[in-house]
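The values are calculated or read from the model by the stated rules, or taken from the named source; none is laboratory data. Because the structure is predicted, anything quoted here is derived from the model rather than measured. Every residue, glycine among them, receives a Cβ derived from its backbone with ideal geometry; neighbour counts consider all protein chains shown.
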Amino acid sequence: MSDAITPRRVSFDWTRTPLHWIPDEPTATHVINVLHLLLPAGERWFVKVFKEALPLVTDEQLLKDVKGFMGQESTHSVQHAYVLDHLAEQRLDTDAYTRRVEWMFDVLLGERPPWGLPVPDREWLRFRLSLIAAIEHFTAVLGDWILAADALDRVGADEVMLDLLRWHGAEEVEHRAVAFDMYQHTGGRGAARYLRRAEGMALAWPTLFYLWVTGARYTMRHDPQLDHGAYRFRAHRAAARRGLLPSWASLNRAMPRYLRRSYHPSQEGSLRKAVEYLAISPAARAATAKPTGSAASS
């Protein structure tokens, strides 16, 4: 892990970014665009759950890392929400879909169990922390993928969108271990802690897959520049073979790695590559040059 996990108050100018920011690749564009639909609500939820869990953290270094993680996730949420505004300006309205995502995080996975389920408060918190640890495993995998996805540069993908995705991906690799360490620290001991971690993954990955596919179907169906747009798995596979998307197979293979008892996120991705990208990212460099206290804006 890097010396300190701190938020970078980045900003991006979307005025020149086209709707199909990967030229002639609507499927690849919209599959990646689903991240903008999921992450604002999802990362706000991460921060809320971590705030609930902060009183349980007794390790000083972990507490510092968790607070840095929360700052980074808050910034991610804001910047992806700005992309939703940009999509709306291009007549791709995502409100109907994002409202369902917000309901899932705010109500179904809120501070209290839904439908009055008789789950003790501590167990409900541990369960949600296990979900976050599992999701963060995939964000680290995706972060490592986008940092290495040179094919997107070769086909002329929009530079601003690539910088957003790579800045975010690099920070996911940078803080890849925090959610896992937070769960391990607060999730109890022994077999019960491992079983709950496995349960978190068993629920997280199928849910992510469902949300990602339904999100891609939604954005392609509502794309004003496509006639009868539709997400198709074969088009996704073709884009993945060209290096423009992660394949579903590669993401499926990430799940058993997480389920190894010996697993730790420090084994996932390349911190060196993440730090190297953050040193050259236009947005991260501009944020570093800002006066202290400068707020992120679009």
Look through the range 105-126, keep the residues that are buried (at least 17 other Cβ atoms within 10 Å of the Cβ) and touching a Leu at 6+ places or on another chain (Cβ under 9 Å), and return whichever of them is nearest to residue 220 (Cα to Cα). 109
Looking at this structure, is residue 73 crowded, with 16+ Cβ neighbours inside 10 Å, touching a Phe, Trp or Tyr at 6+ places or on another chain (Cβ under 7 Å) and of a type in the set (D, E, K, R)? yes
Qualifying residue in the range 164-185 (condition: modelled with pLDDT under 95 and either within 15 Å of residue 263 (Cα to Cα) or of a type in the set (Phe, Trp, Tyr) (or both)): no
Testing residue 19 on (1) of a type in the set (A, V, I, L, M, F, W, C); (2) without any contact (Cβ under 8 Å) to a residue 24 or more places away in the chain; (3) within 26 Å of residue 246 (Cβ to Cβ), one condition comes back false. Which one is that? (2)
Residues of the range 13-32 that turn out to be in a helix (DSSP H, G or I) and within 14 Å of residue 163 (Cα to Cα), as a count: 1
Residues of the range 197-226 being over 25 Å from residue 68 (Cβ atoms), in a helix (DSSP H, G or I) and not hydrophobic (A, V, I, L, M, F, W, C), which ones? 199, 206, 207, 210, 214, 215, 217, 218, 219, 221
Please determine whether any residue of the range 82-99 is touching a His at 6+ places or on another chain (Cβ under 6 Å) and not in a loop (DSSP other than H, G, I, E, B). yes
Return yes when residue 229 is within 27 Å of residue 95 (Cβ to Cβ), outside any loop (DSSP other than H, G, I, E, B) and of a type in the set (Gly, Ala, Ser) and no when it is not. no
